[in-house]
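Contents: one structure, followed by commentary.
The values are calculated or read from the model by the stated rules, or taken from the named source; none is laboratory data. Here the structure is a predicted model, which means the values were calculated and not measured. Please note: Cβ atoms are built from the backbone with ideal geometry, for glycine as well, and neighbour counts cover all protein chains shown.
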Amino acid sequence: MNTLLPWAFVATLPGLVATACGRGPRPGIASLPGPVLVFAAGLLWLLGDQTPLVVTHANWLPLLGDAAFVLRLDALAAVMLCVVGAVSTCVYVYSLEYMRHDAGQRRFFALLDFFVATMCLLVLAGNLVVLLAGWAGVGLASFLLISFWREKPEAMPAGLQALAANAIGDAALLLAIALLPAGAGDLTSLHTASLAAVPGGASTLAALLVIAAAAKSAQGPLYFWLPSAMAGPTPVSALIHAATMVAAGVYLLCRTFPLLSLAPGVLLAVAWIGVITALLAGIGSLQQPNYKRGLAYSTLSQLGYMFAAVGFHAPFAAFFHLLTHASFKALLFLVAGVVIHAADGEERLARLGGLRTQLKSTALLAFIGSMALIGLPVLTAGAFSKDLILEAGFEHAPALGGLLLLGVVLTGLYTGRLWFAVFGRSDSTLHAHAPGACMTLPLAVLALGACGLGWLGPQLGALLQGSLFLDALGTPPAVHAWSSLGALAGALGAGGFLIAGLWVRKAGSGACMPALVVPWIDATRDLSALAARRVAGVHDGRLVGYLFCCVVGTGLTMLLSRLGA
Amino acid sequence: MQWLLDLPHGVRSAAVLGLFATVVLVGAVRLRTASCSAIALLASLFAAIPTILAPTAETFPVLLVLTALIGCELLMRSDDLADAQHRAESVALQLLGAAGACVLATAQDWLSLLIGFESMSLAVAVLAGLGRGVRSLEVAFRFFVLSAVAAATMVYGIALFSYATGSFALDAAPLVHPGHAALARAAVLLIALGLAFELAVVPSHLGTLGICYGAPLSCITFAMTVSKVAAALAMMRLCAQRPELQPVVAVLAVLSIVWSTFGGLAQQHVRGMLAYSAVGHGGFLALAAACGPAAQGTVGYYTLVYVASVALVLAALSGQRGELSFAEIARTPIGGMRRFALVLGLLSLAGVPPSPGFLAKIAVLSQAWGTAGPWLTIGAALGGVFGALYYLKPVPDLLAMRGVDVERVSTPTRVRIAIALSGAAALLCMVVPNLPASWLS
């Protein structure tokens, strides 16, 4: 039985086929066992003897240096499988009601199945080639789900933006595979691979992995696609663009941390990227008039915390925050889905105000999620993981740690702004309809995680000791419910939350900071479009032009060859 | 009879194909569509017999060309020709072109290379002109002129090479004279630039672009499978025999990949996308060929994957007229099976993991890193991954199937067979890539 566990990524494929072929009482039901099985696979491994399971097909692609197909199920992968399985189960159940009246719900569930399969492949990958297969697979699923509602004019450009950003990461991983010597692609032993054969050694390889991770987790200059990705259905935003796929970059950094630790310069860059993204995205969230986009920026900010933790030599803190963040951010997104669903698709904060009386239980669950995001000590899971990151920050780079502490105030501000804007008053003119059980139950489960997961920290630390090479880092970090730094951070966050409440009371639900224009994104897009038009314009049907191109091209090639010789 | 057995495999197969082409042409007036297809398939099988009986590394190019021809024939329809009666001419031209392809793919000397090239490009030019409307004729004329320029470049190169070395052999060394080595190098480069026309590599790619825009689908199928296979294998042979070519071909290959990515992004219809796809994949094939003898297995694997993927796409589009704009593709009456094949083919052409196209691309990039150098590999990798953007543009609409009653759209049997065969080949290349790879190596 155990030997089957590394094949957990195929669990959703029967559901995919059945759903795509139109089998099952109603769309989505046939898909439901898939994520449950994924969760069960992770849990079974954790409850078993916890021996790493490796599946290897040595000669899968002999044309490559790294020819093997390797799957690995160890502690890190098992915990991640549980995260993917649990969040996707919640999202599937939620979507049964959320997508009930959508004409494309069958396609929606088939695509979700495809996403979960590729995400599990990414998690279970034992070497770089298999990782890339899962990596690009989730990118494709993300694109298809973002552009799911083709009638929305912004859907396709948003999907293509996501695809373009992910392509940068894919190219980085492709190059990492290309430059590794034969048979050296095993993810757990990249640091012991014959790095002397790699130009630039560990630093080059580490930098490529960081680029890939930054693209997937929308960090630094590659942040732009995640807010646009909110054009997709809200359950997709919860599953892919908050809890799982965007966290894959952090997962990769944790998985390959021994290699990263050989490149201190790269790690420092990771820390800076994380801190800057955490702060700027926090400010960005305050500028958004749209509910989901506000949450998207908040995701960027929290992913920045995780990146910073890796940069502070604290991969466990990063992974722990990934785990807790998955629960409360999925909760907040699903709450947003309930609100948008109840308000007949309205996403603008200015139009959503005062839903507290109409959506009482949702408001309470949103409050729990918000407190977890801020990191209210003892009571919420976010506090446990965020404290670890702040401690690591103050230990390794106090200035950066201080900036992250400042970021907690921003977290309080943007979380408070969103909560008060939607639920803060009770004078709504909207006629919101209450969600059904299918939509409420997953919220309750995730809220439990948002409160209780922090207490699993010590056990998780012991479990991941081997997978994250925590021994090599010295004493594994101690997870605690209360610390002076945690209390200070909690107080700052809560302060920010309350200030945001006052701000919304004064300025109304539409309260937001003036938006700053980021010219380089539009400029890059326009430049690419211009280049594309110019290149395609060469093929205009005029024979003379073609002949000119041929002759000039031939001449230039001869010249190039002569110069080269 | 001994002289017949002593002929190279490519020439023997070409002779069989030529014979059948003559038979078809003689009986053109009386032959019907079904009998034309049967004769073409029979010719392919007969031509393959000598290579199947004596399988060696030399027979592989012939087999690949003939496999492409069979796939191509399965997809043929006469309703995109100007006149259904042209079907017999079309088959004869394909057989003639395939004969040229066999010679080109196995050529050991420059003259064989030229004869193969000319037979193939002439066949494609006339095939292009058999389509409906004036546009088809315009495309055929442009292709004809551009192929003549490429052939002239090649002839000029061969003449220079012969002067510098006193030989027509591919691997002939220059005569002992200070200027002859440089002359031979320039000559080989000119020949390679001529050959680049069939491979659709920059700067000789504009002819193939035109074919994809305006020729009938049957001609596109031939140009993108049979011609491409033969040209790729010939380029591989050329680069293996003349290492001085490799850096230049690698640069042109990467330029083609980048060019196709930009050009493809501006496309709003499937034909345009396929056109730039041909250039991009020509670039990847040329890059693999430029990696020298060590990459021969990679060239073979990439070629196989490319033909399977293109066949999937073209099989799905078989019978469709017009440009197939992305905006309309959701409403195009294509059945579920064909939509699925089209999506899989596009994903494979885009190189999305775990499709065979992805495996083929990383195989090429791995080879290129060691031989072509990091900068060119980075360029190819970036071009390759951003190229996925234009392939994936129509995919959400294809999956959406708005307003199409799938149950009412039937798929002809021969298209089902073509989809099944190309799908099986693609699946084989994906699930057990070591099988074809080890065979091709």
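The test for being surrounded by fewer than 24 Cβ atoms within 10 Å (Cβ to Cβ), touching a helix residue (DSSP H, G or I) at 6+ places or on another chain (Cβ under 8 Å) and not aliphatic (A, V, I, L, M) holds for A:Phe69.
For the range A:282-295, the count of residues that are closer than 18 Å to A:Leu122 by Cβ and either touching a Leu at 6+ places or on another chain (Cβ under 6 Å) or surrounded by fewer than 24 Cβ atoms within 10 Å (Cβ to Cβ) (or both) is zero. Report, by residue number, each residue of the range B:280-338 that is β-branched (Val, Ile, Thr) and more than 18 Å from the chain's Cα centre (by Cα). Across the range B:280-338, the qualifying residues are B:Ile329, B:Thr332, B:Ile334. For the range A:246-281, the tally of residues that are without any contact (Cβ under 8 Å) to a residue 60 or more places away in the chain, farther than 27 Å from A:Phe333 by Cα and crowded, with 24+ Cβ neighbours inside 10 Å stands at 1. Residue under question is B:Leu137, and the condition is that it be within 14 Å of another protein chain (Cβ to nearest Cβ), among the hydrophobic types (A, V, I, L, M, F, W, C), closer than 19 Å to B:Arg242 by Cα and in a helix (DSSP H, G or I); does it hold? Here the answer is no, as B:Leu137 does not meet what is asked. Within the range B:148-183, track down each residue that is touching a His at 6+ places or on another chain (Cβ under 7 Å) and either of a type in the set (S, T, N, Q) or more than 24 Å from A:Val551 (Cβ to Cβ) (or both). Correct list: B:Pro174 only. Among the candidates A:Val84, A:Val138, A:Val130, which residue alone is of a type outside the set (Phe, Trp, Tyr), more than 12 Å from every other protein chain (Cβ to nearest Cβ), surrounded by 24 or more Cβ atoms within 10 Å (Cβ to Cβ) and touching a residue at least 40 places away in the same chain (Cβ under 8 Å)? Selected residue: A:Val84, the only one of A:Val84, A:Val138, A:Val130 that is of a type outside the set (Phe, Trp, Tyr), more than 12 Å from every other protein chain (Cβ to nearest Cβ), surrounded by 24 or more Cβ atoms within 10 Å (Cβ to Cβ) and touching a residue at least 40 places away in the same chain (Cβ under 8 Å). When A:Leu71, A:Leu63 are checked against the criterion of being modelled with pLDDT of 90 or more, within 14 Å of chain B (Cβ to nearest Cβ) and outside any helix (DSSP H, G or I), A:Leu71 stands alone in meeting it. Look at A:Thr411 and say whether it is surrounded by 24 or more Cβ atoms within 10 Å (Cβ to Cβ) and touching a Leu at 6+ places or on another chain (Cβ under 6 Å). When the stated conditions are applied, A:Thr411 does not pass them.
None of A:Val339, A:Val335 is in a helix (DSSP H, G or I), touching a Phe, Trp or Tyr at 6+ places or on another chain (Cβ under 9 Å), surrounded by 24 or more Cβ atoms within 10 Å (Cβ to Cβ) and not charged (D, E, K, R) except A:Val339. Every test in (1) modelled with pLDDT under 90; (2) assigned to a helix (DSSP H, G or I) is passed by A:Val378 save one, and that test is (2). Return yes when A:Ala171 is of a type in the set (A, V, I, L, M, F, W, C), part of a helix (DSSP H, G or I) and within 11 Å of another protein chain (Cβ to nearest Cβ) and no when it is not. Yes: the conditions hold for A:Ala171. Among the residues of the range A:87-109, those that are within 14 Å of chain B (Cβ to nearest Cβ) and either in a helix (DSSP H, G or I) or aliphatic (A, V, I, L, M) (or both) comprise A:Ala103, A:Gln105, A:Arg106, A:Arg107, A:Phe108, A:Phe109.
Here B:Pro203 passes the criteria (1) part of a helix (DSSP H, G or I); (2) of a type outside the set (Val, Ile, Thr); (3) surrounded by fewer than 24 Cβ atoms within 10 Å (Cβ to Cβ) except the one numbered (1). The condition of being away from every other protein chain (no Cβ under 14 Å) and either more than 21 Å from B:Ile211 (Cα to Cα) or crowded, with 24+ Cβ neighbours inside 10 Å (or both) holds for only one of B:Arg237, B:Arg242, that being B:Arg237. Scanning the range B:113-134 for residues that are β-branched (Val, Ile, Thr) and out of contact with any Leu (no Cβ under 6 Å at 6 or more places or on another chain), we see that the one that is farthest from the other protein chains (Cβ to nearest Cβ) is B:Ile115. Filter the range A:498-527 down to the residues that are within 14 Å of chain B (Cβ to nearest Cβ) and modelled with pLDDT of 85 or more and list them by number. Hit for the range A:498-527 is A:Leu527, nothing else. Selection over the range B:255-289 of residues that are free of Cβ contacts under 8 Å to residues at least 60 places away in the same chain and either surrounded by 24 or more Cβ atoms within 10 Å (Cβ to Cβ) or not in a helix (DSSP H, G or I) (or both) gives a count of 6.
The C-beta contact set for the range A:513-532 (first residue closer than 27 Å to A:Pro289 by Cβ, second residue among the aliphatic types (A, V, I, L, M), distance under 6 angstrom, 6+ apart or interchain) comprises A:Met513/A:Leu286. Residues in the range A:146-167 include at least one that is over 17 Å from B:Trp369 (Cβ atoms), small (Gly, Ala, Ser) and outside any helix (DSSP H, G or I). Give the residues of the range A:39-59 that are surrounded by fewer than 17 Cβ atoms within 10 Å (Cβ to Cβ) and either within 14 Å of chain B (Cβ to nearest Cβ) or among the small types (Gly, Ala, Ser) (or both), sorted by residue number. Listed by number, the residues that qualify are A:Gly48, A:Thr56, A:His57, A:Ala58, A:Asn59. Only one entry of A:Ala18, A:Ala8 meets the criterion of being among the small types (Gly, Ala, Ser) and crowded, with 22+ Cβ neighbours inside 10 Å, and that entry is A:Ala8. The set of residues in the range B:411-433 being out of contact with any Lys or Arg (no Cβ under 8 Å at 6 or more places or on another chain) and surrounded by 24 or more Cβ atoms within 10 Å (Cβ to Cβ) consists of B:Ala418, B:Ser422, B:Ala426, B:Cys429, B:Pro433.
Does A:Ile211 fit the bill of being of a type outside the set (Ser, Thr, Tyr), part of a helix (DSSP H, G or I) and within 16 Å of the chain's Cα centre (by Cα)? Spelling it out, A:Ile211 is indeed of a type outside the set (Ser, Thr, Tyr), part of a helix (DSSP H, G or I) and within 16 Å of the chain's Cα centre (by Cα). Of all the residues in the range A:141-154, those that are at pLDDT 90 or above and more than 8 Å from chain B (Cβ to nearest Cβ) number 4.
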